[in-house]
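Asks: I have a structure here, written as structure tokens, and I will follow up with some questions on it.
The values are calculated or read from the model by the stated rules, or taken from the named source; none is laboratory data. Given the structure is predicted, the values throughout are model-derived calculations rather than measurements. Cβ atoms come from the backbone with ideal geometry, glycine included; neighbour counts cover every protein chain shown.
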Amino acid sequence: MGEVGGAVGRRERAELAQGLEELYRTTAPQLWRAIYAYVGGRRHLAEDVVAEAFARAIERAPEIRAPRPWIFRTAFRIATRELRRERRPLPPSPDPVPGIDPADVQDLLGALWSLSPNQRAAVLLHDEEGFTGPEIARLLGMSAATVRVHVFRGRRRLRELLSVEEDVDG
Amino acid sequence: MADRWRTELEKLRRAELPGDLWERVLEGPRMEPPPARARSRLVAAGTALAVFAVAALVALRAFGPLGTSVETLAGPEVLPVPARGVTAPEFLPDGRPVFVVHHEDGTVSVVDAFSPHRAWGFEELVIWCPSTRQFVEWAHEAHFDEYGAWRSAGPAPSGLATFAFRVVARDAGGDPSAIRVGAMQSPDPGHSPAVTEPSRPPICPEVAGRSNRVVTHVIDASQIWPTPADAVAAAPDGWIAVRGRLLVAQDGFVQLCAEIDGERCDGGAVVRGVDGVGLLVNVILPVSGKSGYETSTLWLARVRGGVIDDPTIASFLPVR
């Protein structure tokens, strides 16, 4: 590619994409779920954010040394910026997506929305996607100690908001 | 039994990735770039309106970062001129730091805060000394007069660059009170000897009747990017402040990192323009015997082409 960050043709982009396609297959489902919850169940915004993060990674592939954390950081940053720009409240109900009934996660998404963006991201990556503290630190570009604090406070808040216990086994 | 939030998270885990998303990825970035700097909404239609605009700017700057954004250090389109004899640090709309000098004869200069001297590729800032009415390069102590011309010490390959400007408002006495800054102008060509003078004048000595408290730019804490990786990902258009530690690898590869673990750079970004090999051989290895270079934890820089450009040591600048 020419000047980094400049225009990249479709064929050139496809070549650069080959190296990232495997990463997409293994990473995108997790990132998509986390971003979908992070943006309050706005399906189209989550799709835009995830696609944009990978597309930017392809544009800048030659200079990115650790693509996975780069893509996660970029996705969460884009999502945060879009939420800030929109300044819209949480939608009345999550957009439907394949695999889940929106009503099943409506309360959870509402509770997550009351967390700070960093708490929300840390809890989602830790408790939904199973990343460890150091992994999240690397993904989000913060220290592991900070991640632990965000997870702890985020969980505490979720417990307060969704205090009714359920029997997992029915 | 389990917490309800945990069981609902389990359900969320069943959400399936839309199948056609990869095709969209291949179409390339489509979302808007980071929001452009906030433009001043105040348009001076005449002198009265211009005076009103400046008053509003001054008042609002006292209470919040009007004309700036979280993305860059962007200052307002119209800069206030300090009282006669006073020099004030300001930021241009692209975040570039400058000094607005109101000379004692009533004239005004806008002087660049970047020294023309670059050591190992780092940009170097100047500070203002009221007692001598001179600018001094913080790192290597070249002295420049209040018009930006080189006066003593060094190294300094030229004077400080200055900027053209247009007066948009005047005070009751006829002095400029607000200006709109234009293009950068060539600096005075006078320069220091090639070799740094052995005896350097003090940076800001005591002078009877004058303050010797140096004047520098102040960085708003809310405008500091927490990691270089965040800044590069957002690609803000203009000068930024960013926290980071410089890592110069054994092969001279230079990165600015949020954290350094051995030779691993976390939350980092590639740095362009720094002579990594020269720095490593002449400075880092002789001093520490290993790679890494923690010369600063606060930097001014620009993000261009996906890398950190024009890195400027800024740890000495106050943060509020």
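Asks: Would you check if there is a residue in the range B:289-299 being assigned to a loop (DSSP other than H, G, I, E, B), farther than 26 Å from A:T74 by Cα and among the polar types (S, T, N, Q)?
Replies: So far as the range B:289-299 goes, yes, one or more of its residues are assigned to a loop (DSSP other than H, G, I, E, B), farther than 26 Å from A:T74 by Cα and among the polar types (S, T, N, Q).
Asks: Between a first residue in the range A:56-85 that is free of Cβ contacts under 8 Å to residues at least 12 places away in the same chain and facing chain B (nearest Cβ under 9 Å) and a second residue that is buried (at least 24 other Cβ atoms within 10 Å of the Cβ) and among the small types (G, A, S), which pairs have beta carbons less than 8 Å apart while being 6 or more apart in sequence or on different chains?
Replies: A:I64/A:A57; A:R77/B:A233
Asks: Can you report the number of residues in the range A:1-45 which are of a type in the set (G, A, S), over 18 Å from A:F131 (Cβ atoms) and at pLDDT 65 or above? Walk me through how you get there before you give the answer.
Replies: The first filter runs over the range A:1-45 and keeps only residues of a type in the set (G, A, S), leaving A:2, A:5-7, A:9, A:14, A:17, A:19, A:28, A:34, A:37, A:40-41.
Within this subset, residues satisfying the condition of being over 18 Å from A:F131 (Cβ atoms) are A:2, A:5-7, A:9, A:14, A:17, A:19, A:40-41.
So of that shortlist, the ones also at pLDDT 65 or above come out as A:17, A:19, A:40-41.
Looking only at that region, the number is 4.
Asks: Now a separate question. Take residues that are closer than 22 Å to B:A234 by Cβ and tell me which of the helices (runs of 4 or more DSSP H) falling wholly in the range A:42-127 contain 1 or more. Break it down stepwise before answering.
Replies: Details: elements: A:43-59, A:67-86, A:102-113, A:117-123.
Once the helices (runs of 4 or more DSSP H) in the range A:42-127 are filtered for at least 1 residues that are closer than 22 Å to B:A234 by Cβ, what remains is A:43-59, A:67-86, A:117-123.
Asks: List the strands (runs of 3 or more DSSP E) inside the range B:69-114, counting only whole elements, that have at least 3 residues being not β-branched (V, I, T). Explain how you work it out, then say what you get.
Replies: On the way: elements: B:78-80, B:87-91, B:97-102, B:108-112.
Qualifying strands (runs of 3 or more DSSP E): B:87-91, B:97-102.
Asks: Where residues in the range B:262-284 are within 10 Å of another protein chain (Cβ to nearest Cβ) and either under 20 Å from the mean Cα position of the chain (by Cα) or outside any loop (DSSP other than H, G, I, E, B) (or both), which of them is surrounded by the fewest Cβ atoms within 10 Å (Cβ to Cβ)?
Replies: That would be B:R264.
Asks: How about the range B:190-227: which of its residues are in contact with a Cys (Cβ under 7 Å, 6 or more places away or on another chain) and modelled with pLDDT of 85 or more?
Replies: Going residue by residue through the range B:190-227, those that are in contact with a Cys (Cβ under 7 Å, 6 or more places away or on another chain) are B:203-204, B:212, B:214.
B:C204, B:V214, listed by residue number.
Asks: A further question follows. Consider A:R33 carefully, then state whether it is over 18 Å from the mean Cα position of the chain (by Cα) and touching a residue at least 24 places away in the same chain (Cβ under 8 Å). First the steps, then the outcome.
Replies: Numbers: over 18 Å from the mean Cα position of the chain (by Cα): no; touching a residue at least 24 places away in the same chain (Cβ under 8 Å): yes.
Criteria not met by A:R33.
Asks: Moving on to the next point. Scan the range A:140-165 for residues that are within 8 Å of chain B (Cβ to nearest Cβ), buried (at least 19 other Cβ atoms within 10 Å of the Cβ) and modelled with pLDDT of 85 or more and jot them down.
Replies: If the condition is that a residue be within 8 Å of chain B (Cβ to nearest Cβ), buried (at least 19 other Cβ atoms within 10 Å of the Cβ) and modelled with pLDDT of 85 or more, then A:R155, A:L158 are the ones that fit.
Asks: Does any residue of the range B:10-33 turn out to be out of contact with any Gly (no Cβ under 9 Å at 6 or more places or on another chain), more than 14 Å from every other protein chain (Cβ to nearest Cβ) and either at pLDDT 80 or above or farther than 30 Å from A:G130 by Cβ (or both)?
Replies: no
Asks: Taking only the range A:35-44 into account, find how many residues are buried (at least 23 other Cβ atoms within 10 Å of the Cβ) and either closer than 19 Å to B:C257 by Cα or more than 9 Å from every other protein chain (Cβ to nearest Cβ) (or both).
Replies: 5
Asks: Is it true that A:G99 is facing another protein chain (nearest Cβ under 8 Å) and surrounded by fewer than 21 Cβ atoms within 10 Å (Cβ to Cβ)?
Replies: Values: facing another protein chain (nearest Cβ under 8 Å): yes; surrounded by fewer than 21 Cβ atoms within 10 Å (Cβ to Cβ): yes.
When the stated conditions are applied, A:G99 passes them.
Asks: Shifting gears a bit: Quickly run through the range A:83-98 and pick out the residues that are at pLDDT 85 or above and closer than 21 Å to A:N118 by Cα.
Replies: A:P94
Asks: Scan the range B:217-260 for residues that are of a type in the set (D, E) and either touching a Leu at 6+ places or on another chain (Cβ under 6 Å) or more than 18 Å from B:E90 (Cβ to Cβ) (or both) and jot them down.
Replies: Scanning the range B:217-260 gives B:D230, B:D237, B:D251, B:E259.
Asks: What pairs come out if I take residues in the range B:184-200 that are among the hydroxyl-bearing types (S, T, Y) and pair them with residues that are at pLDDT below 80 whose C-beta lies under 9 Å away, six or more apart or interchain?
Replies: Here the result reads B:S192/B:G154; B:T196/B:G154, each pair linking the range B:184-200 to a residue that is at pLDDT below 80.
Asks: Among the candidates B:R245, B:R272, B:R210, single out the residue that is in contact with an Asp or Glu (Cβ under 6 Å, 6 or more places away or on another chain) and more than 28 Å from A:E52 (Cα to Cα). Write out each step before concluding.
Replies: Values: B:R272 fails: more than 28 Å from A:E52 (Cα to Cα); B:R210 fails: in contact with an Asp or Glu (Cβ under 6 Å, 6 or more places away or on another chain).
None of the others qualify; the one that does is B:R245.
Asks: If you check A:A51 against the conditions, is it under 14 Å from the mean Cα position of the chain (by Cα) and free of Cβ contacts under 8 Å to residues at least 24 places away in the same chain? Spell out how you get there, then give the answer.
Replies: Numbers: under 14 Å from the mean Cα position of the chain (by Cα): yes; free of Cβ contacts under 8 Å to residues at least 24 places away in the same chain: yes.
Yes, satisfied.
Asks: Of all residues in the range B:300-318 being in a strand (DSSP E or B) and aliphatic (A, V, I, L, M), which is farthest from the other protein chains (Cβ to nearest Cβ)?
Replies: From the range B:300-318, those in a strand (DSSP E or B) are B:300-304, B:307-313; that's our starting set.
This time we only want the ones that are aliphatic (A, V, I, L, M), so: B:300-301, B:303, B:307-308, B:313.
On the way: B:L300: 20, B:A301: 15, B:V303: 9, B:V307: 7, B:I308: 11, B:I313: 22 Å.
If we take residues in the range B:300-318 being in a strand (DSSP E or B) and aliphatic (A, V, I, L, M), then B:I313 is farthest from the other protein chains (Cβ to nearest Cβ).
Asks: Sticking with this one: Which ones in the range A:15-30 are free of Cβ contacts under 8 Å to residues at least 12 places away in the same chain and β-branched (V, I, T)? Show your work before the answer.
Replies: Taking the range A:15-30 as the starting set, the residues that turn out to be free of Cβ contacts under 8 Å to residues at least 12 places away in the same chain are A:15, A:18, A:21-22, A:25-26, A:29.
Hit for the range A:15-30 is A:T26, nothing else.
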